[in-house]
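The values are calculated or read from the model by the stated rules, or taken from the named source; none is laboratory data. What you see is a predicted model, and the numbers here were worked out from it, not measured in a lab. In this analysis, Cβ positions are derived from the backbone assuming ideal geometry, glycine residues included, and neighbour counts consider all displayed protein chains. Accessible surface areas use protein heavy atoms only, side chains included; no ligands, DNA or RNA. Shrake-Rupley method; radii C 1.70, N 1.55, O 1.52, S 1.80 Å.
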Amino acid sequence: YQEKIRDLLRVSPDEKTTHEIKVGSDGRRTVTNLAVKALDPTDQEAVDAVLSLAAKRRSTGSTDMNATSSRSHSVFSLEVLATSPGGQAVRGRLHLCDLAGSERLDRSNATGVAASETKSINKSLSSLADVF
């Protein structure tokens, strides 16, 4: 949100922990200081609770184009660890990205912070278009 990483699963909604993207010696990218929730994937109630908490903490705002406009991108990462009957460990990762939608600044009539958010969102979406 506004060029800063925010952990939507942090313990306290007022927590001001700094997050950085790091590349390890193995080439894997990680984000520092994130809350990690280990869940049983068959426990639908626990999965729903985590997703609901993250949704509540996501930044939204109202513009003339959208009453509940997402003001940030959101990334949900799922890591699955399993061991085969032969003892071989297998790891997989799935990253789901919910991107804030672009809005025409002149049509949204956004001003102040909302205008700044709109510019940041549009800039980041343009950057994504450059690499995909």
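Residue 18 contributes about 90 Å² of solvent-accessible surface, heavy atoms of the protein only, 1.4 Å probe.
Stokes-Einstein at 37 °C, 0.692 mPa s, Kirkwood radius from Cα pairs: D for the range 28-132 in µm² s⁻¹? Calculated translational D: 197 µm²/s. Taking Cα centre as origin and charging only the Cβ of basic (Lys, Arg, +1) and acidic (Asp, Glu, -1) residues, the dipole magnitude of the chain rounds to 320 debye. The phi-based Karplus calculation (6.51 cos²θ - 1.76 cosθ + 1.60; θ = phi - 60°) puts the 3J(HN,Hα) values of the range 83-94 at 10, 6, x, x, x, 7, 7, 10, 10, x, 10, 10 Hz, whole numbers, x for Gly and Pro.
What the chain shows is 75 Å² of accessible area per residue, with the surface traced by a 1.4 Å probe over protein heavy atoms. Calculated mean residue ellipticity at 222 nm for the chain: -9000 deg cm²/dmol, from DSSP H runs with n ≥ 4 weighted as -39500 (n - 2.57), summed, divided by the residue count and rounded to 500. In the chain, a dipole from Cβ-located charges (positive for Lys and Arg, negative for Asp and Glu) runs towards its positive end, and of 62, 115, 51 it is 115 whose Cα lies farthest in that direction. Among 45-51, 66-72, the peptide with the highest mean count of other Cβ atoms within 10 Å heads the list, and the full ranking is 66-72, 45-51.
The angle separating the long axis of helix 113-131 from the principal Cα axis of greatest extent in the chain is about 50 degrees. As a fraction of the 1.4 Å probe accessible area of the range 1-129, surface on carbon and sulfur atoms comes out at 53 percent.
In what sequence, highest mean first, do 37-44, 85-92 appear when ranked by Cβ atoms within 10 angstrom?
37-44, 85-92
Under 26 Å between alpha carbons, and skipping anything fewer than 8 positions from residue 123 in its own chain: which lysines qualify? Result set, ordered by chain and number: 4, 16, 22, 56.
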